[in-house]
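Below you'll find the structure, written out as structure tokens, and then a few comments.
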Amino acid sequence: MNANPVVGTEEAESYEEQHVHEVYEQIASHFSSTRYKPWPIVSSFLSSLRPGSIGLDVGCGNGKYLAVNRDVFIVGSDRSSNLVKIASQSQNQPHAAVVADSLALPHQKDRFDFAISIAVVHHLSTRERRREAVGAVLECLRDGGRALVYVWALEQKGSRRGWDEGGEQDVMVPWVMKSSKKDVGEAGETEKTFQRFYHLYRKGELEEDVVEVGGEVVESGYEKDNWWAICRRPLKE
Amino acid sequence: MKVLTLNFLTCAVKACKSSTASFPLHPKDCELVSDTIEANPALIYNILPRVDWAALMTTASELGFPTLPAQAPTKEELEADEKMMGELHTLLLETQISEGMLRCGNCGHEYRVKEGIANFLLPNHLV
């Protein structure tokens, strides 16, 4: 299914409210139960950090990356308070999680050693807002700090979804939630389908966005249906 | 929400970030609870150089904790002083703000902390 085009900022906000935020709020616990395995590149980025590093997980979801490295301190944030509740549970100690919008982060500029933003900026409905979100993450980094950004790829030849080069990039992706009815008289399981908005990145697009907001790409690549980039702010002379 | 977390949070309003008055946020009408967290001295030594000590002193005093030393203790000082280590562990990692507000000293906006979770979503007029 193709997504509707979005024009203005207010329109983009209410569109994302309906097609991203409300969906995650409703599917939070089911979504969380399916998201437990850290992706290898994210794990190796987090494991490579110096003990005592302070970082951000912007769009932390259920907090599955918080538990990877307990020698650093991560402040996770997510737009969905139901997901933040899950992320704040004790298995994710010593880390923390707060409710925040990725375009209005409650963090100081130039402060953090690292940041990750995994499967988040592709939920923003205009390129301007996606760039702004990458810029907001970079802004939090101190000189020399690095951020790992991960987005869904358009090029997914191997996936069952059938997306590939040249296809529509703004799409709605269904999330099918099965739930059992508890009310008397209603039998069995019911299915409810939620549609989430995604922008599928084509090859090179993420790197363009990083550069556009003044960042530098240190390393980038493709891992299982996703594009990723490790980026930083240019070092000062 | 841990006291340590407060050291890495500021006002979400863009215009406040360039103002020194926006950091740290000021706890208001806060209820504190204490969680038991396994001691991890290495984590404390390692993160202390990244903690804004002046801001931590402000936060500790606003929450009613005894006055902290004027300078962050070094790793050697902490290794020699088990009591100070224990107090820092309690303050930074075990003390939680369970309910209350966090106020920005620049714009005055108050962020709610509910069931231990701080909410930084802004009302429309502040975005």
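The values are calculated or read from the model by the stated rules, or taken from the named source; none is laboratory data. All values reported here derive from a predicted model rather than from experimental measurement. Quick reminder, even Gly has a Cβ in these numbers, built from the backbone with ideal geometry, and neighbours come from all protein chains shown. Areas reflect the complete protein model, heavy atoms only, side chains present, ligands, DNA and RNA absent. Shrake-Rupley method; radii C 1.70, N 1.55, O 1.52, S 1.80 Å.
Here are a few things to note about the model shown:
- Full extension of the segment from B:VAL33 to B:LEU126, taken as 0.36 nm per residue of separation minus the current Cα-Cα distance, would add 30.4 nm.
- Estimated [θ] at 222 nm from DSSP helical runs (n ≥ 4, -39500 (n - 2.57)) normalised by residues in the protein assembly as shown, nearest 500: -7000 deg cm²/dmol
- Ranking by accessible area, most exposed first, for A:TYR24, A:TYR36, A:TYR150 with a 1.4 Å probe: A:TYR36, A:TYR24, A:TYR150
- Under 29 Å from the Cα of B:LYS28 - lysines, other chains or at least 8 residues apart: A:LYS85, A:LYS109, B:LYS2, B:LYS14, B:LYS17, B:LYS83, B:LYS114
- Global geometry of chain A, whether rounded, prolate or oblate, following the gyration tensor of its Cα atoms and the 1.5 cut on a/c: oblate
- Those Cys residues of the protein assembly as shown for which no other cysteine Cβ falls under 4.7 Å: A:CYS60, A:CYS140, A:CYS231, B:CYS30, B:CYS107
- Cα point-scatterer Debye curve for region A:116-237, base-10 log of I(q)/I(0) at q = 0.09, 0.19, 0.20, 0.22 Å⁻¹: -0.34, -0.98, -1.05, -1.20
- Straight-line cross-link reach from A:LYS203 at under 24 Å between alpha-carbon atoms covers these lysines, not counting any fewer than eight positions away in the same chain: A:LYS157, A:LYS224.
- Take the Kirkwood radius over Cα pairs of region B:11-127, plug it into Stokes-Einstein at 20 °C and 1.002 mPa s, and you get 137 µm²/s for translational diffusion.
- At R0 = 41 Å, FRET efficiency that the Cβ-Cβ distance of A:ARG202 and B:ASP52 yields, to 0.05: 0.50
- Dimensionless Rg over Rh [region A:1-74; C-alpha; Kirkwood]: 1.10
- Rolling a 1.4 Å probe over the protein heavy atoms gives region A:68-165 an accessible area of 33 Å² per residue.
- Interface size A-B, as summed buried accessible area [1.4 Å probe, Å², nearest 100]: 2500
- For chain A, built as a Gaussian network whose Cα springs stay under 10 Å, the top-fluctuating residue of A:HIS30, A:HIS199, A:HIS19: A:HIS30
- Relative intensity, log₁₀ I(q)/I(0), of region A:1-136 from a Debye sum that treats every alpha carbon as a point, q = 0.20, 0.22 Å⁻¹: -1.23, -1.41
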